[in-house]
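The values are calculated or read from the model by the stated rules, or taken from the named source; none is laboratory data. In this text the structure is predicted, and so the values were computed from the model without any measurement. Note that we place each Cβ from the backbone using ideal geometry, even for glycine, and neighbour counts take in every protein chain shown. Protein only, heavy atoms only, side chains kept; ligands, DNA and RNA dropped before computing areas. Shrake-Rupley method; radii C 1.70, N 1.55, O 1.52, S 1.80 Å.
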Amino acid sequence: LCVPAVPVLFKQALENMDMEEGKSVSLRCELTKADATVVWKKGEATLQASAKYEMKQKGTVAELVIHNAEPEDA
């Protein structure tokens, strides 16, 4: 018996947020499948974990924390 893979969907999508320059901002989304692979992008560029970008994932919740936010992070 072959069971097709169930696609991962957003239960709660990202929302627009206001940010204060120089502060940290957290973007969160919730998925329908725990521990699904999440790739964060800015335009076409894939973001990598660094001192500026912190990626967290616990269960179905994925989070991107942008440290020292700047207008270019919009």
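A few notes on this one:
- Top positive-direction residue, dipole computed over the stretch 10-73 with Cβ charges, set 60, 45, 25: 60
- Per residue, the solvent-accessible area of the stretch 10-73 (1.4 Å probe, heavy atoms of protein chains only, all protein chains present) comes to 73 Å².
- With R₀ fixed at 22 Å, the C-beta to C-beta distance from residue 24 to residue 46 puts the FRET efficiency at about 0.60.
- The alpha-carbon of residue 11 sits under 13 angstrom from the alpha-carbons of these aspartates and glutamates, leaving out residues fewer than 8 places away in its chain: 30.
- Per-residue surface analysis assigns residue 26 an accessible area of about 40 Å², computed on protein heavy atoms at 1.4 Å probe radius.
- Assigned charges on the beta-carbon of Lys, Arg, Asp, Glu; the chain dipole about Cα centre (debye): 440 debye
- Take every Cα pair under 8 Å whose residues are at least 6 apart in sequence, average their separation, divide by the length of the chain, and the relative contact order is 35 percent.
- For the chain, the carbon plus sulfur part of the accessible surface works out to 53%, probe radius 1.4 Å.
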